[in-house]
Amino acid sequence: MRIVVLMVFLVLASGVVHAVQVDGLYKTFEHVQTQGATERKAAIRQAINRVAQKVTGRADVLHHGRLQNALSNVDAYVEQFQYSKLDEGIATGYRLEVTFQKAALDRVLQQFDMPIWGSNRPAVVVWLAVESGSKRYLVGEGTSKTAALIQKVAKQTGLPVILPLLDLEDQRALEFNDVWGMFSERIVQASTRYGAKHVLFGRLLKEQGNGWKIRWSFINDQSQFDGESRQQLLTAALRESLSASADVLAGIYAPRGNTFASDVMLDVVGISNLKDFSHISKYLASLDAVSQVNWSQVRPNKASFVLKLTADVQGLKEQIALSTVLEAAPSPEPRLPIGGSVQTTVAQPLIEPRLTLYYRAR
């Protein structure tokens, strides 16, 4: 079993990482029956919880007592809201669209040790086998109402997902029983064509009492996490697996409880002209883990940048790995003196050098 798991991790590590810019993190919608102030305030209170979970990727924001007290003053965080009439053939009432102030919400979340997970997020390939009565099927892109529901819940969770095409290539690689049996090695191998290093797969069973039982595994190039839940509603069952996956990713890309380095040096080779230098400077400034970019040295084919961080160094590395702009490079070999004599001096107090990371422009 250890060999199989290692092979799965190697396959994931070898793939190209697929990242997605997630829009609308600070916006959500609620269904209300009237435009009255009392119902609106209750709906906005629910909306801010949805957005807080989406922005951080963590479901435990809903159970953090002091944070919930701070969020109860919802008017302090609302940027705007508007109503639109629902189609009476679908439902009665209104759709309330609420947008929250990014700066204010970020500030209170960070105050209670809830790091902000930026909008550049890794995509997750989702394989789901469903058994509902006499029907057994795999969920693919645009193939069923279940597919649409997965995309809807994933968007609410802030998790970009890729559903398989289920074309001939997928059908040759996987069968229903492979996903139902949760054979991770075959599933991960079939996922490589989608260019994502995170895979969520599971089985969904409609039980006799009209409830749903879901069992899932979330796997990346480092570890595997398993879960199981019973829910009365299909939406709730799907949300359990997607929220759990988002929580794992938030722990990787926006870890909490770390002491951030004040700054870090980034040496980049492969910069051949001013256009390359400008492109990489703007890219580094766009990273959620970086608050400020300065350049230290510019030499032929190489530049050194000093980055002030809002995350730990591992978080920075994970964010860079999501893009195709830079790739990790080996650290240069230390240069030793050739010939001559080595002169000794009186020992001086050691000063901890600034951490330097080495990258190559792609």
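Taking ARG95, is it under 28 Å from the mean Cα position of the chain (by Cα) and more than 30 Å from ALA19 (Cα to Cα)?
Criteria met by ARG95.
Would a scan of segment 172-185 turn up a residue that is touching a residue at least 60 places away in the same chain (Cβ under 8 Å) and under 20 Å from the mean Cα position of the chain (by Cα)?
no
Given the conditions (1) assigned by the TED database to the domain that holds VAL161; (2) in contact (Cβ under 8 Å) with a residue 60 or more places away in the chain, which single one is not true for VAL248?
Exception for VAL248: condition (2).
Which numbered condition trips up ILE116, out of (1) at pLDDT 95 or above; (2) surrounded by 13 or more Cβ atoms within 10 Å (Cβ to Cβ)?
All conditions pass for ILE116, except number (1).
Out of the residues in segment 69-112 that are modelled with pLDDT of 90 or more and of a type in the set (D, E, K, R), which is surrounded by the fewest Cβ atoms within 10 Å (Cβ to Cβ)?
If we take residues in segment 69-112 being modelled with pLDDT of 90 or more and of a type in the set (D, E, K, R), then ASP75 is surrounded by the fewest Cβ atoms within 10 Å (Cβ to Cβ).
Is at least one residue of segment 237-247 in contact with a Gly (Cβ under 6 Å, 6 or more places away or on another chain), modelled with pLDDT under 95 and surrounded by 20 or more Cβ atoms within 10 Å (Cβ to Cβ)?
There is no residue in segment 237-247 that is in contact with a Gly (Cβ under 6 Å, 6 or more places away or on another chain), modelled with pLDDT under 95 and surrounded by 20 or more Cβ atoms within 10 Å (Cβ to Cβ).
Being surrounded by 18 or more Cβ atoms within 10 Å (Cβ to Cβ) and either in contact with a helix residue (DSSP H, G or I) (Cβ under 7 Å, 6 or more places away or on another chain) or outside the structural domain of ALA285 (by the TED database) (or both) is the requirement here; does GLU228 meet it?
Here the answer is no, as GLU228 does not meet what is asked.
Here's a check for you: in segment 29-50, which residue that is in contact with a strand residue (DSSP E or B) (Cβ under 6 Å, 6 or more places away or on another chain) and in a strand (DSSP E or B) is nearest to TYR94 (Cα to Cα)?
That would be VAL32.
Does any residue in segment 274-292 that is free of Cβ contacts under 8 Å to residues at least 40 places away in the same chain and more than 15 Å from LYS302 (Cβ to Cβ) come within less than 6 Å, Cβ to Cβ, of a residue that is among the small types (Gly, Ala, Ser) and surrounded by 14 or more Cβ atoms within 10 Å (Cβ to Cβ) six or more places away or on a different chain, and which pairs are these?
Final answer for the pair search is none.
The values are calculated or read from the model by the stated rules, or taken from the named source; none is laboratory data. Predicted, not measured: the structure shown is a model, and the values here were computed from it. Quick reminder, even Gly has a Cβ in these numbers, built from the backbone with ideal geometry, and neighbours come from all protein chains shown.
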